[in-house]
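The next block holds one structure in the form of structure tokens; read it before the comments.
The values are calculated or read from the model by the stated rules, or taken from the named source; none is laboratory data. Note that the coordinates shown come from a computational prediction; the quantities given were computed from them, not determined experimentally. So basically every Cβ, Gly included, is an ideal-geometry build from the backbone, and we count neighbours across all protein chains shown.
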Amino acid sequence: MQQRLQKIIATAGITSRRKAEELITSGRVAVNGTVVTELGSKADPERDHIRVDGKLITSSPHKIYLMLNKPKGYITSVSDPEGRPTVMSLVAGLNTRVYPVGRLDWASEGLLLLTNDGELANKLTRAASHVPKVYHVKVSGRPPAPDIAKLRAGVTLPEDRPKARAVKTAPARINLLRDAPNPWYEVTLTEGRNRQIHRMFEKIGHHVEKIKRVAYGPLKLDMEPGQSRPLTLGEVAALSRAGSRKQPQRVPDIRRARKSN
């Protein structure tokens with residue numbers, strides 16, 4: 001049965017569907033010896049010979065799903081042209097290649113998913129998935145309550161790259177975790193714009209000092225920095241359901257969950 005090329009590549013565990021589209025448009029994919037650059041192109045994975053960078057795609061590998069507690073100082077990427085350490089060095093020794101779902105900045109820490117399941121990665125990274133992500137955030141200086149209320153309601157952020165348009169953030173849950181001259185907040189987002197938390201607090205005049213992601217949808221961070229573990233079957237199923245919902249999900253209250261344990 002014919003399928004879109006980007007879906008075939010993602011399902012084979014080569015990369016995410018979004019990255020697969022980039023491979024196609026850059027002329028790195030061939031079907032039966034012919035380079036294909038149109039995103040609407042289809043092929044039959046059972047009958048056609050599909051190659052990416054000259055390498056023949058084989059049958060779908062065993063699916064792997066990992067949770068990693070990313071430490072500060074690692075790039076969320078499969079490789080880095082500048083030679084900086086990547087998160088892949090923390091999960092070395094796997095027989096099957098995996099890749100990160102979404103990203104955490106070099107200085108950010110916490111829960112990061114890695115998988116070779118391109119379909120699930122696509123569900124989780126597209127904006128419409130509304131999968132809540134919870135962060136512990138330390139800011140410089142104490143923001144006044146009215147400014148925090150603005151962030152909760154959504155603020156318009158300026159462009160973060162050339163030709164980008166200003167965007168308004170979705171409503172967010174923000175709770176004070178630790179009151180101090182440089183306080184900690186628990187921030188829950190249902191979207192994942194580039195450096196969003198940094199830009200939100202900069203909008204109200206406060207620099208973000210530290211960020212740690214402690215939850216991703218139904219998953220809660222439960223290991224030390226640098227450690228990783230496979231997801232359970234139940235966790236994979238719950239994550240898939242979270243990525244399939246078309247309406248914004250209920251934002252979890254991590255503090256309440258901790259008290260009930």
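So the values come out like this:
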item: Residue within segment 117-125 that is touching a residue at least 60 places away in the same chain (Cβ under 8 Å), among the hydroxyl-bearing types (Ser, Thr, Tyr) and buried (at least 16 other Cβ atoms within 10 Å of the Cβ) present; result: yes
item: Of all residues in segment 74-98 being of a type outside the set (Val, Ile, Thr) and in contact with a Leu (Cβ under 9 Å, 6 or more places away or on another chain), the one that is surrounded by the fewest Cβ atoms within 10 Å (Cβ to Cβ); result: 94
item: Close pairs from segment 48-62: first on the phi > 0 side of the Ramachandran plot, partner at pLDDT 90 or above and not in a strand (DSSP E or B), Cβ under 9 Å, at least 6 apart; result: 53/23; 53/28; 54/28
item: Exclusive hit being part of a loop (DSSP other than H, G, I, E, B), at pLDDT below 95 and not aromatic (Phe, Trp, Tyr), set 51, 47; result: 47
item: Output for segment 20-44, where each listed residue is touching a residue at least 12 places away in the same chain (Cβ under 8 Å) and in a helix (DSSP H, G or I); result: 20, 21, 23, 24, 25
item: Subset tally (residues that are over 21 Å from residue 195 (Cβ atoms) and either modelled with pLDDT of 95 or more or part of a loop (DSSP other than H, G, I, E, B) (or both)) for segment 80-89; result: 1
item: Matching residues, segment 142-175, being closer than 26 Å to residue 110 by Cα, at pLDDT 95 or above and loosely packed, with under 13 Cβ neighbours inside 10 Å; result: 149, 153
item: Which numbered condition residue 101 misses (of (1) more than 15 Å from residue 9 (Cβ to Cβ); (2) more than 17 Å from the chain's Cα centre (by Cα); (3) crowded, with 19+ Cβ neighbours inside 10 Å; (4) not polar (S, T, N, Q)); result: (2)
item: Per-region count, segment 55-76, residues modelled with pLDDT of 90 or more and not in a strand (DSSP E or B); result: 6
item: Hey, residue 65 in contact with an Asp or Glu (Cβ under 9 Å, 6 or more places away or on another chain) and not charged (D, E, K, R) or not; result: yes
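Residue-by-condition table, conditions (1) outside the structural domain of residue 90 (by TED's automatic domain parsing); (2) at pLDDT below 95; (3) closer than 23 Å to residue 66 by Cα; (4) in contact with a Ser or Thr (Cβ under 7 Å, 6 or more places away or on another chain):
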site: 208; (1), (2), (3), (4): yes, no, no, no
site: 211; (1), (2), (3), (4): yes, no, yes, yes
site: 241; (1), (2), (3), (4): no, yes, yes, no
site: 246; (1), (2), (3), (4): no, yes, no, no
